[in-house]
Amino acid sequence: MKDVLLLGIRVLAGGALVVAFAMVSDMLKPKMFSGLFGAAPSVATASLLVSGLAMGAAKDAKYGTGMIAGAIGLIAYSLAAAPAVKRLGGVAGSIVAWVAWVLPAGAAFWVLSR
Amino acid sequence: MSTRRANGLLPQLRPEEIAKHKPSDYVVRFAFGALISLAAGLIGMKFGPVVGGVFLGFPAILPASLTLIEKKDGKQQASIDAIGAALGAVAMVAFAIAVIVLASRWGVVATLVAGLIVWLLVAFGLYALVATVYRREPSAP
């Protein structure tokens with residue numbers, strides 16, 4: 001029951017922080033600067049806050065280790081999405097670019113978890 | 001000429017831009033944020049926090065943003081937004097390292113505040129570096 005409650009809080013907090021960062025991004029120009037906030041740690045902040053308060057800071061450090069791998073994948077994703085969106089459009093380009101997240105994130109996870 | 005180009009990269013705050021977005025734009029982003037939070041939480045519970053942490057960097061929100069930007073401003077602007085996101089993602093690595101280093105010493109709240117400050121400093125620093133070197137917004141690749 002506690003797990004479900006924590007998950008619920010995490011989901012609501014994650015969604016709310018994403019909207020907050022999106023609003024900041026929408027108010028900023030030029031586009032490359034506002035784009036910074038597309039990779040803001042919004043979901044991470046909400047998730048780490050809830051899990052850290054409920055289960056202790058040591059757990060957050062472990063989440064942080066995995067997050068390095070995910071963020072490395074996100075760098076590759078963003079670099080792949082830039083040309084993909086231009087050529088294929090927003091929906092198809094941003095979905096195709098997911099492929100670019102998997103390999104670097106997986107490789108970094110493998111290195112970090114050894 | 002170069003000053004005019006550089007000024008084009010100076011960050012500007014335009015609160016009025018919010019009004020140009022439909023509420024549904026934010027509902028979509030809330031849904032994506034909630035969904036990836038749920039996924040990372042469930043994966044963390046099932047496979048452990050290190051695996052769950054990988055999904056804290058999963059690009060779940062960026063596709064929604066890029067799609068909305070494409071509809072509003074075109075493919076070129078969506079593409080440039082993705083380049084900015086790459087800089088933000090480098091800063092996300094710094095955020096994660098800050099969490100690892102500080103979590104057991106400073107506690108959760110202070111660590112996350114410090115992590116967000118680190119993210120802002122690295123992201124803005126990288127942007128300033130790119131703006132100084134290139135002096136103009138890059139063309140979409």
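Miscellaneous remarks
- Any hit, segment B:73-91, residues being farther than 21 Å from A:Ala61 by Cα, over 14 Å from the mean Cα position of the chain (by Cα) and of a type in the set (D, E, K, R): yes
- Any hit, segment A:19-37, residues being farther than 15 Å from B:Pro63 by Cβ and among the β-branched types (Val, Ile, Thr): yes
- If you go through segment A:79-88 and keep only what is within 18 Å of the chain's Cα centre (by Cα) and surrounded by fewer than 24 Cβ atoms within 10 Å (Cβ to Cβ), you end up with A:Leu79, A:Ala80.
- Residue ID - modelled with the highest pLDDT, chosen from residues in segment B:54-85 that are surrounded by fewer than 24 Cβ atoms within 10 Å (Cβ to Cβ) and among the small types (Gly, Ala, Ser): B:Gly74
- Residue in segment B:10-30 that is under 19 Å from the mean Cα position of the chain (by Cα), hydrophobic (A, V, I, L, M, F, W, C), more than 7 Å from every other protein chain (Cβ to nearest Cβ) and within 19 Å of A:Gly89 (Cβ to Cβ) present: yes
- Exactly one residue out of A:Val91, A:Val19 is under 25 Å from B:Ser79 (Cβ atoms) and more than 15 Å from the chain's Cα centre (by Cα): that is A:Val91.
- Looking across segment B:102-141, just one residue is part of a loop (DSSP other than H, G, I, E, B) and loosely packed, with under 13 Cβ neighbours inside 10 Å, and that is B:Ser139.
- B:Val50 vs. criteria surrounded by fewer than 22 Cβ atoms within 10 Å (Cβ to Cβ) and either in contact with a Ser or Thr (Cβ under 6 Å, 6 or more places away or on another chain) or touching a residue at least 60 places away in the same chain (Cβ under 8 Å) (or both): yes
- A:Ala105 vs. criteria within 7 Å of another protein chain (Cβ to nearest Cβ) and under 19 Å from B:Glu137 (Cβ atoms): no
- If you go through segment A:97-111 and keep only what is surrounded by fewer than 16 Cβ atoms within 10 Å (Cβ to Cβ) and hydrophobic (A, V, I, L, M, F, W, C), you end up with A:Val99, A:Val102, A:Leu103, A:Ala107, A:Trp110, A:Val111.
Every residue, every condition in (1) touching an Asp or Glu at 6+ places or on another chain (Cβ under 6 Å); (2) more than 8 Å from every other protein chain (Cβ to nearest Cβ); (3) more than 19 Å from B:Pro11 (Cα to Cα), yes or no:
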{"site": "B:Ser104", "(1), (2), (3)": "no, no, yes"}
{"site": "B:Ala110", "(1), (2), (3)": "no, yes, yes"}
{"site": "B:Ala114", "(1), (2), (3)": "no, yes, yes"}
{"site": "B:Trp119", "(1), (2), (3)": "no, no, no"}
{"site": "B:Thr132", "(1), (2), (3)": "no, yes, no"}
{"site": "B:Glu137", "(1), (2), (3)": "no, no, no"}
{"site": "B:Pro141", "(1), (2), (3)": "no, no, yes"}
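The values are calculated or read from the model by the stated rules, or taken from the named source; none is laboratory data. Since the structure is predicted, the reported quantities are computational estimates derived from the model, not experimental observations. Glycine gets a Cβ as well: all are built from the backbone with ideal geometry, and neighbour counts include every protein chain shown.
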